[in-house]
Amino acid sequence: MTATPTDLHDELRRVARGLLARSGREVGGGTSPVPVDWELLASSGWLGLEVPEGLEGAGATFEEVAVVLHELGRVAASSGYLGSAVLGVGALNLLDASAARDELLAGVAAGSARVAVVVPTGDGDGAQEPSFRLEGAAGARRLSGEAGFVPDAPQVDYLLVPAGDPASTPVLVLVSPADRGLTVTDQPVLDATRRFGRVAADRVDVPEAAILRFGTEPGTAVQRLIDRGALAVACDSLGVAEAMLEATVAYAKVRRQFDRPIGSFQAVKHACADMLVALTIGRELIVAAVRSLARDDADAPVAVSMAKAYVGAAAVDVVGKAMQLHGGIGYTWESGVHAYLKRAVLNRSLFGSPRSHRRRLAGRYVATAAPGE
Amino acid sequence: MTDLDDFRATVRAWCDAHVPAGWRAAQTDVAEGEYVAFQRAWFQELRRAGYAVPHWPEEWGGGLSIAEQVVLFQELAAHDAPRLVLSFVAIHHAAATLLAAGTDEQRRRHLPAILDGEVWCQGFSEPEAGSDLASLRTTARRLGDSYVVKGQKLWASGAAHADWCLLLARTDADAPKHEGISYFLMDMRTPGIDVRPIRQATGDAHFSEIFLDDVLIPASQLVGAENDGWRVARATLGAERGLVMLELAERLGNGGLRWLVEACARPTAEGRPLDDPVVQDQLARFETEITGLRALCRRLVEAHAAGTVGGADPSIVKLAYSELLQRMMDFGADVAGLPAHTELHKPLSSGWESGTWVLDFVGSWEWTIPGGSSEIQRTIIGERGLGLPREPAVGAR
């Protein structure tokens, strides 16, 4: 009998959960989170899930990447997965095939090349002008521009920078942090499990071979990468919230006050029930959006905005309730709940706030309901 | 095209040809008799197409696949077809009970009759047995080949038109409360039954009290074993929840959302509410939640078919739907403003969302209270879904 995608996902989930549990990191215990071993990510094949099989990858889809993202969220893992495997591979897969592209894809899959993609990660519809420009005559192109909150930028070998070429066509420029005129500055954030960098390019010389062309529809490439990032973060938030609900329920079963487990009190029980309802609705939105993005459906952006808006906000509610129901112990550094809370709050803002995504959804109603009708 | 696409096209064409044009206006502020006649006619229309009881087994007149049932309800919702209200208890609760626990004779007697229009109601709740249903006090005493029933039932939906009633009554007063209850099929024409309508918050009277004064029920109309009624009721209550919730969620996602956007697009002295970012944000919240709920309902229907429904799943769906419905109707009433208060009647045969916002909002408590209130659902979700400990019983130490 052929294994169904669900069976494959269950197996991947089981393996990932086991490996991440054994990678030995404890949330909260230490002063700073221990990153997931990069060798582990590479040897498990997770970095190259979406890399074609001919290039050392698994030839899988975003559906499988989503499983890994969910598991990384569950343990609030610190890793460069978002930059390399999600955005990096996603960006490279949007390009026309070339030696440079294929080499980099194979490098990412093997773990030997770490990359970050310099896409906008804040609010906004992404349709604005690229913040980087490629200027100068052919053979003497120079890259200028700057952007903040670039995921994983301080720890990479290569940066992929979407930029407008002199004809204003979006292209992807491959640069190295060591290039003259390029600076990558660490941007420390409260969520110590994530790393961000500010990337500034001041007339960086770019050889022609480093100017990579998007395949079909270059005009939508950057928005597609933003959507991919938004959904990746939503998958992470679902894992974060799921882990915190489980921790809260386990605690409420054993913590006793007034001679009974606190989970037997309706105030606690009903709060947990609300957390489960929100997670259950959120999971459906994630499943639908992941499938839609993996298949490149026309309405994928709508599904992504729904998933990001709902789960981004719900995860903060769930983790906040988890801290509340853990009581005093939940507020300690040692409990580690704070790490999940900071990650959930950061995720909510990263790649568009719930408000921003709902604005995109609402544009459809305003467009269809003409004034004066 | 797949077979399912073909089926969808068939249903669409059927809806275009058969959903009565202008039925909403025609069914607003009408006499009870007209509503009943409309319901009966619509049921027979659906029956002729094979769409009235798609969830029943084929041998009894149903037999659509789960995927086809989903498509059917999606299309009926998309075409804003009238809901089956009068026959609701019959085709869902009564049929599920008979199919799961009834005798062959009981099925042969009632299932074809339901297709011919036999109307059922449910006699479960009592004045002193609401959320704590198992504490019911109506008694059924064995007397020869019959039971003699005495007591009072409350909140029987549609009882004024019912031919038969699904009845829970206590047959063993000494047993623990869940173990002394039996399940009966009661003919509503039996002497000793007095049905009195209850006027509800909306001003309508869809529910009734039923007074039972030494009503004789033949022992052949017992469902399952004597004193096993609680188990029968629990097993069959959830059986219809998947599909019913799917239909309701589809309706909320179609007409409900569409009318809400239309209400927001109506100009007021200070412009269209739809141009207000706060309103846009709220509409997007609703659309997102309803999209997740619709997907969840499809999953629940499939889980029913596969026998993999989790203990809390129906409660999650019921709670999410009820509270979303209530918030959407609240918002509709707020946006529609004073003019909505002049709509004194809602179209009968419509869903809980009908575009008469204030009445819809008032009527939304019909979802958050009956069938296990939202508070009861949260307790079920906490205990059966998450395994949290039960509350200690009163007096226990």
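Here, each number is a calculation from the coordinates, and none is a lab measurement. Fair warning: this is a prediction, and the values are worked out from it, not measured in the lab. FYI the Cβ positions are ideal-geometry reconstructions off the backbone, even for glycines, and counts take in every protein chain you see.
Any idea what the dipole of chain A comes to, in debye rounded to 20, about its Cα centre with Lys/Arg Cβ at +1 and Asp/Glu Cβ at -1? It would help to have the intermediate numbers written out before the result.
Details: 37 positive and 43 negative charges, 275 e Å.
It works out to roughly 1320 debye.
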- Message: Using Cβ contacts closer than 10 Å as the measure, can you line up A:Asp37, A:Asp186 from fewest to most?
- Response: A:Asp186, A:Asp37
- Query: Which of the listed residues, A:Phe214, B:Leu99, B:Met328, is farthest toward the dipole's positive end in the protein assembly as shown, when Lys, Arg count +1 and Asp, Glu count -1 at the beta-carbon?
  - Reply: B:Met328
- Please work out the C-alpha center-to-center distance from the range B:1-51 to the range B:312-363 and express it in whole Å. 22 Å
- Task: Be a star and scan the range A:149-182 for residues whose amide nitrogen sits under 17 Å from the point 7 Å along the Cα-to-Cβ vector of A:Ala110.
- Result: A:157-158
- Query: Counting each DSSP H run of 4 or more residues in chain A as -39500 (n - 2.57), what helix-only mean residue ellipticity at 222 nm follows after dividing by all residues, to the nearest 500 deg cm²/dmol?
  - Reply: -16000 deg cm²/dmol
- Message: On C-alpha positions alone, give me the angle between the axis of helix B:66-78 and the longest principal axis of chain B, in degrees, nearest 10.
- Response: 50 degrees
- Query: In percent, how large is the relative contact order of chain B, given Cα pairs closer than 8 Å and 6 or more residues apart?
  - Reply: 15 percent
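About the Cα centre, and with charges only on the beta carbon of Lys, Arg (+1) and Asp, Glu (-1), how big is the dipole of the range A:114-215? Nearest 20 debye, please. Could the numbers behind the result be given before it?
Numbers: 10 positive and 14 negative charges, 40 e Å.
So the magnitude is around 200 debye.
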- Would you compute the Debye intensity of the range B:286-373 from its alpha-carbon atoms alone, equal scatterers and no solvent, and pass along log10 I(q)/I(0) at q = 0.18, 0.20 Å⁻¹ to two decimals? -0.83, -0.96
- Estimated dipole of the protein assembly as shown in Debye, rounded to 20 [Cβ of Lys and Arg +1, of Asp and Glu -1, Cα centre]: 1540 debye
- In nm, what is the difference between 0.36 nm times the number of residues separating B:Ala269 and B:Ala225 and their Cα-Cα distance? 9.3 nm
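Distances over 24 Å make up what percent of all Cα-Cα pairs in the range B:139-246? Spell out each step's value before the answer.
Working: 1665 of 5778 pairs.
Value for the range B:139-246: 29 percent of Cα pairs lie more than 24 Å apart.
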- Item | Over chain A: Kirkwood hydrodynamic radius from C-alpha pairwise inverse distances, Å | 21.5 Å
- Message: Taking a virtual spin label 7 Å from the Cα of A:Ser98 along the C-beta vector, which residues in the range A:211-251 bring their backbone nitrogen under 15 Å of it?
- Response: A:211-216, A:218
- Simple spin-label estimate for B:Asp132 and A:Ala250 in nanometres, 7 Å along Cα-Cβ: 3.6 nm
- Note on the structure: Over all viewing directions the Cα convex hull of the range A:262-373 casts an average projected area in nm² of 9.6 nm²
- Note on the structure: If one compares the long axis through the Cα atoms of helix B:241-251 with the longest principal axis of the Cα atoms of chain B, the angle in degrees, nearest 10, works out at 20 degrees
- At q = 0.06, 0.08, 0.10, 0.12 1/Å the base-10 log of I(q)/I(0) from the Debye formula over the alpha-carbon atoms of the protein assembly as shown is -0.45, -0.77, -1.09, -1.37
- Message: Angle check, please: helix A:300-325 long axis (alpha carbons) against the longest principal axis of chain A (alpha carbons), in degrees 0 to 90, nearest 10.
- Response: 40 degrees
- Message: Apply the Karplus curve 6.51 cos²θ - 1.76 cosθ + 1.60, θ = phi - 60°, to the phi angles in the range B:380-394 and return the couplings in whole Hz, x for Gly and Pro.
- Response: 4, 4, x, 7, 8, x, 10, x, 6, x, 5, 6, x, 5, 4
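Would you mind estimating how fast the range A:114-215 diffuses translationally, via Stokes-Einstein at 25 °C and 0.890 mPa s with the Kirkwood radius over Cα pairs, in µm²/s?
Numbers: Rh = 13.8 Å.
It diffuses with D of about 178 µm²/s by this estimate.
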- Just rank B:Tyr183, A:Tyr158, fewest to most, by other beta-carbon atoms within 10 angstrom. A:Tyr158, B:Tyr183
- Simple spin-label model, 7 Å along Cα-to-Cβ: A:Thr6 to B:Trp365 in nm? 4.0 nm
- Expressed in Å to one decimal, the Kirkwood Rh of the range A:1-112 from all distinct alpha-carbon pairs is 14.6 Å
- Take every Cα pair under 8 Å in the range B:3-95 that's 6+ residues apart, average their separations, divide by the length, and report that relative contact order as a whole percent. 37 percent
- Using label points projected 7 Å from each Cα along Cα→Cβ, tell me how many nm separate B:Arg107 and B:Ala175, to one decimal. 2.4 nm
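Taking only C-alpha pairs under 8 Å that are 6+ residues apart, what is the relative contact order of chain A in percent? List each step's numbers first, then the result.
Values: 701 pairs, mean separation 64.6, N = 373.
Contact order relative to length: 17 percent.
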- Item | Order of A:Glu103, B:Glu59 - criterion: other Cβ atoms within 10 Å of each residue's Cβ, fewest first | B:Glu59, A:Glu103
